[in-house]
1. Determine the sum of side-chain charges near Leu25: Lys and Arg each +1, Asp and Glu each -1, restricted to other residues whose C-beta is under 13 angstrom from that of Leu25.
2. I'd like the accessible area for Leu25, computed on protein heavy atoms only with a 1.4 Å probe and all protein chains in place. Round to 10 Å², please.
3. On a 1.4 Å probe surface of the protein chains, which of Phe37, Phe52, Phe102 comes out largest in accessible area, and what is the full order?
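The values are calculated or read from the model by the stated rules, or taken from the named source; none is laboratory data. Quantities reported herein were computed from a predicted structural model and do not represent experimental measurements. Backbone-built Cβ (ideal geometry, glycine too); neighbour counts: all protein chains shown. Accessible surface is based on the protein model in full, side chains and every heavy atom, while ligands, DNA and RNA are left aside. Shrake-Rupley method; radii C 1.70, N 1.55, O 1.52, S 1.80 Å.
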Amino acid sequence: MNIPFASLGLLLLLLARMGMGAGTLTKVTTAQLDRAFPERASTSGCASITEFTSECATNKQAAQAITNAMAKYKITGRGQVVALISLMAYESNKWQYNINHFPGRPGQGTRAMLMYSFVYAY
């Protein structure tokens, strides 16, 4: 599987900013996401967004949703959590978009913007 360089860079940045290494993690906090993505800090969050404003989520909203998903799917490895957050942040432009607008492919949506055919093959 090829990981886009920008996504890999974001993964490494997250590891540093969120203070995560080996071990387990059962909750993602707003403070962790605020350190990783200051532009979506819970106090200002989406104030600067002018397009598709209803789709933008703050770090506070993302932290709760990510924590809920981690519990539902039993994802607790720190590396797994950071990798998934990195992919979601990269694909959604740090929680700005819910669906693919550019170029707007049908069926490509959610925060990760993954195409079904690639997920199915994986």
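1. Details: positive: Lys27, Lys74, Arg78; negative: none.
Charge balance in the 13 Å sphere: +3.
2. Counting only protein heavy atoms, Leu25 exposes about 20 Å² to solvent.
3. Numbers: Phe37 0, Phe52 75, Phe102 130 Å².
These residues rank, largest area first, as Phe102, Phe52, Phe37.
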